[in-house]
Amino acid sequence: MVNSTFLTAQLGINNPSPASTLDITAKNSTGTSANTDGLLVPRVDRQRAQAMSAIPVSTLIYVNNIATGTLAGTAANINAVGYYYFNGTLWTKLVTPVNIYNSDGTLTGPRTVTTNGNLLTFVNGANNVKVITSATEGALSANGSSRGWLNLIGGSSNFDYYVDTTGVVQINSSGNSTKFSVGSTNATSLALRTNNIERFIVLSSGNVGIGTTVPNTKLEISSGTTNVSGTRFTNLNSASPISTGQTLGVDSVGNVITVANPTAASVTTASVNSTTGASFNVNDTAATMVPGTSQTVTIPAGGKALFINFMLGIDYGSNPAGSGASYYEARLYIDGVATDCYMRTQEYGPGGFSAQFSFNTVKFLTAGNHTVDVRMTRTFNNGVASGINMLCIPISMSFNATYLN
């Protein structure tokens, strides 16, 4: 039996005093009765809802089957079984609120969560907390009035990225971090740039370039200025004391290389120094070897530059007829061949006067044994008959042939 009351255009069901246009009171609002209480709205399939016309706004139906009809016209939103109301144009789903703690959901537009100064914290003790996007751009923004800060913590190690109002941008590791590793896990380069120009690069091969993006060696520096290396050792300069170690050098393509320290130079000398040399005769018909000057010098593989020094002081010991103004010459010979190194002097008067001969030269000799000596001859007789000897008595003599090892 249904009790109803009509009062001032208000209808009450199971309610003699309706509080609204339609006020339905459950017949059994408490207890354990198995009787059904509630409001049963019309149940139709999608085709029937789609076929309706002149539908009043706010009409409520329950679509119990979507196998019929199509997602078109007024049924364009009917894609699932459920309650729908008519909004004047389309049947609109009555959306059951989604609890994000136990259900997935889809935003139909931009949303803003205002925390009113309260800290919003995501805590997960077992798995990751992720922010995922499949759109063109995925963005995470931390925008503060004094600092934007991103802090990652693993155990007791910290990673911080921040930028503050003073223009300082920093990336730091702290805590018990044992390494701050920056790089790639695939075959790609790592570059640092300033003013939108790459200044430093590490290729996937491990080659490092400064001032160049295509380093050809483990470290290549390009200063951009000809004859300027771009490298400076601030605390090492030309005034630094020399110590042990090897010398740095540069090869033909600019590689910095080590140069072996030179072995201390040693001197090989063939020499004659005498104040009691044997007397000898000099004439104009042949070159006479000065006694004691013939020396054999052994040159090592590769050849050597021979430094030669000769000094001879003599007394003219005889007085040939017509002598007193003749010319005498001392010349260097190598392997019996006269060289272009010589000294020529003129007598200062009749026999008995002294003379000095002196010359220095450098001659390159190939590897092997070589004979070096000095020979004298009279180059201009000036009244002395050809073939007549002039006795030469050595006062002093020094003859040195030296090379550096």
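What follows draws every value from the coordinates through simple rules; no lab data is involved. Quantities reported herein were computed from a predicted structural model and do not represent experimental measurements. Because the Cβ atoms are built from the backbone with ideal geometry, glycine has one as well, and the counts that use them run over all protein chains shown.
All distinct Cα pairs of segment 313-405 go into the 1/r average, and the inverse of that average, the Kirkwood radius, is 14.7 Å. Couplings for segment 143-148, taken from phi via the Karplus curve 6.51 cos²θ - 1.76 cosθ + 1.60 with θ = phi - 60°, read 10, x, 5, 10, 7, x Hz in order; Gly and Pro are left as x. Sequentially through segment 228-237, phi angles give Karplus couplings (6.51, -1.76, 1.60; θ = phi - 60°) of 10, 6, x, 10, 9, 9, 4, 9, 10, 9 Hz, Gly and Pro residues having no value and appearing as x. Placing pseudo-labels 7 Å out from each Cα toward the beta carbon at Glu137 and Trp149 gives an inter-label distance of 2.7 nm.
Look at the alpha carbon pairs under 8 Å that are at least 6 residues apart: their mean separation over the length of the chain gives a relative contact order of 10 percent. Under the convention that each Lys and Arg Cβ holds +1 and each Asp and Glu Cβ holds -1, the size of the dipole of the chain around its Cα centre is about 1180 debye. Evaluating 6.51 cos²θ - 1.76 cosθ + 1.60 at θ = phi - 60° for every residue in segment 325-337, the Karplus couplings come out as 9, 6, 10, 10, 10, 10, 10, 7, 10, 10, 6, x, 10 Hz, glycine and proline recorded as x. Here, the chain has an Rg and a Dmax of 57.4, 182 Å when only alpha carbons are counted. Annotation: amide H-H contacts under 5 Å for Phe353 (H modelled 1.01 Å from N, sequence separation of 5 or more, or interchain): Tyr316. Taking the DSSP beta bridges with both ends in the chain, the antiparallel portion is around 90 percent.
Loop by DSSP (not H, G, I, E, B), at most 16 other beta-carbon atoms within 10 Å: where is the longest site-free stretch of the chain for chymotrypsin sites (Phe, Trp or Tyr not before Pro)? It runs 234-347.
Helical runs assigned H by DSSP (4 residues or longer) give the chain a calculated mean residue ellipticity at 222 nm of -500 deg cm²/dmol, each run adding -39500 (n - 2.57) before division by the residue total.
FRET efficiency for the Ala9 to Asn87 pair, using the beta carbon distance and R₀ = 25 Å, is estimated at 0.45.
Restricting segment 125-179 to trypsin sites (Lys or Arg not before Pro) that sit in a DSSP loop and have at most 10 other Cβ atoms within 10 Å of their own Cβ leaves Lys130, Lys179.
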